[in-house]
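See structure below.
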Amino acid sequence: MNRRDFISTTGAVVVASALPTSEVFARNDSTDFGVPVLPALPYATNALEPYIDSMTMDIHHSRHHKAYVDGLVKAEAELAKARTTGDFAMIEYWSKKAAFHGGGHFLHSMFWKIMAPPSQGGGGEPTGTLADNIRNSFGSFDAFKKQFTAAAIAVEGSGWALLHYRPADKKLIVLQAENQHKLTSWGTTPIMGIDVWEHAYYLKYQNKRADYVNAWWNIVNWKQVQENMDVLK
Ligand code: MN
């Protein structure tokens, strides 16, 4: 069974995974690999109001995330072209673009899914093994929340605060990311995070990033974060 058949016969399982492969990498019959695609939002653009306003959601998803998808497609095409022609004069440029746009596509695809309206489970505190792991890794949920909030508010310029899972020791760690990809570690995978680029909050919160970060806790979809961790175990 090749990868394409696996995806087509086990679609329900793939959709539930941390990176919903069939949603963010569409099937490509000519290569057997996926091609990056913009996944649909899992809710209406106004579903997360008043915490995130409808216009911000619409622009963020349909323009900013779309630009990362298009940028990743372009970078990978240029790298393929370089392999064909043997001309690697632009290798540094396109390698950087692949990291930036690939990071943007991954993080935004995760970001939409780890949020939900409070009426559909958003907010509150995690339960189950996710709650246990947060307690073991940070001392308490409150200590984790304070560290994560501080990391998000303090990101220099555009970036993210991210909760990563590290399979080697099963620990959860908080890291910042500048842009979409800098300041990460290896052997860890983000399972939850907040976008603190100005495009994520400026229309409603202007320059008050801390207000946005504090409001955002009301829409965290802990059930999805738990699934994102489980799939890495
Ligand atoms: Mn963004």
Of those in region 173-225 that are among the β-branched types (Val, Ile, Thr) and not in a strand (DSSP E or B), the residue farthest from residue 113 (Cα to Cα) is 184
All-but-one check, residue 146 against (1) in a helix (DSSP H, G or I); (2) surrounded by 13 or more Cβ atoms within 10 Å (Cβ to Cβ); (3) away from the ligand (no atom under 16 Å from the Cβ), failing number (2)
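With the condition kept exactly as written, say whether any residue in region 79-98 is in a helix (DSSP H, G or I) and in contact (Cβ under 8 Å) with a residue 24 or more places away in the chain.
At the first step, the residues of region 79-98 found to be in a helix (DSSP H, G or I) are 79-85, 91-98.
Within this subset, residues satisfying the condition of being in contact (Cβ under 8 Å) with a residue 24 or more places away in the chain are 97-98.
Looking for residues that are in a helix (DSSP H, G or I) and in contact (Cβ under 8 Å) with a residue 24 or more places away in the chain, one finds at least one in region 79-98, hence yes.
Would you tally the residues in region 185-229 being away from the ligand (no atom under 16 Å from the Cβ), in contact (Cβ under 8 Å) with a residue 12 or more places away in the chain and not aromatic (Phe, Trp, Tyr)?
Of all residues in region 185-229, those away from the ligand (no atom under 16 Å from the Cβ) come to 185-189, 191, 206-208, 210-211, 214-215, 217-218, 220-229.
Retained after the next criterion (residues that are in contact (Cβ under 8 Å) with a residue 12 or more places away in the chain): 185, 187-189, 191, 210, 214-215, 217-218, 220-229.
Pick out the ones that are also not aromatic (Phe, Trp, Tyr) and you get 185, 187-189, 191, 210, 214-215, 218, 220-221, 223-229.
Total satisfying the criteria: 18.
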The one condition residue 125 fails out of (1) among the charged types (D, E, K, R); (2) assigned to a helix (DSSP H, G or I); (3) surrounded by fewer than 16 Cβ atoms within 10 Å (Cβ to Cβ) is (2)
Can you spot a residue in region 72-79 that is loosely packed, with under 14 Cβ neighbours inside 10 Å, away from the ligand (no atom under 16 Å from the Cβ) and farther than 19 Å from residue 199 by Cβ?
yes
For region 84-143 the number of residues that are farther than 23 Å from residue 195 by Cα, of a type outside the set (Ser, Thr, Tyr) and outside the structural domain of residue 178 (by TED's automatic domain parsing) is 8
**Request:** Determine whether region 69-78 contains at least one residue that is in the same structural domain as residue 148 (by TED's automatic domain parsing), of a type in the set (A, V, I, L, M, F, W, C), touching a strand residue (DSSP E or B) at 6+ places or on another chain (Cβ under 8 Å) and closer than 26 Å to residue 185 by Cα.
**Result:** no
Do the conditions hold for residue 181, that is, is it of a type outside the set (S, T, N, Q) and in contact with a His (Cβ under 6 Å, 6 or more places away or on another chain)? no
- Would you call residue 177 within 29 Å of residue 97 (Cα to Cα) and either surrounded by 20 or more Cβ atoms within 10 Å (Cβ to Cβ) or of a type in the set (Lys, Arg) (or both)? yes
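Determine whether residue 88 is within 16 Å of the ligand (Cβ to nearest atom) and out of contact with any Lys or Arg (no Cβ under 8 Å at 6 or more places or on another chain). I'd like the intermediate steps shown before the answer.
On the way: within 16 Å of the ligand (Cβ to nearest atom): no; out of contact with any Lys or Arg (no Cβ under 8 Å at 6 or more places or on another chain): yes.
Criteria not met by residue 88.
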Checked pairs for region 46-64, first under 18 Å from residue 208 (Cα atoms) and within 14 Å of the ligand (Cβ to nearest atom), second among the basic types (Lys, Arg) and in a helix (DSSP H, G or I), C-beta under 9 Å and 6 or more apart or across chains, list as 52/204; 56/204
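The values are calculated or read from the model by the stated rules, or taken from the named source; none is laboratory data. Keep in mind the model is a prediction, meaning the values are calculated, not measured. Neighbour counts are summed over all protein chains in view; Cβ atoms, including those assigned to glycine, are modelled from backbone coordinates with ideal geometry.
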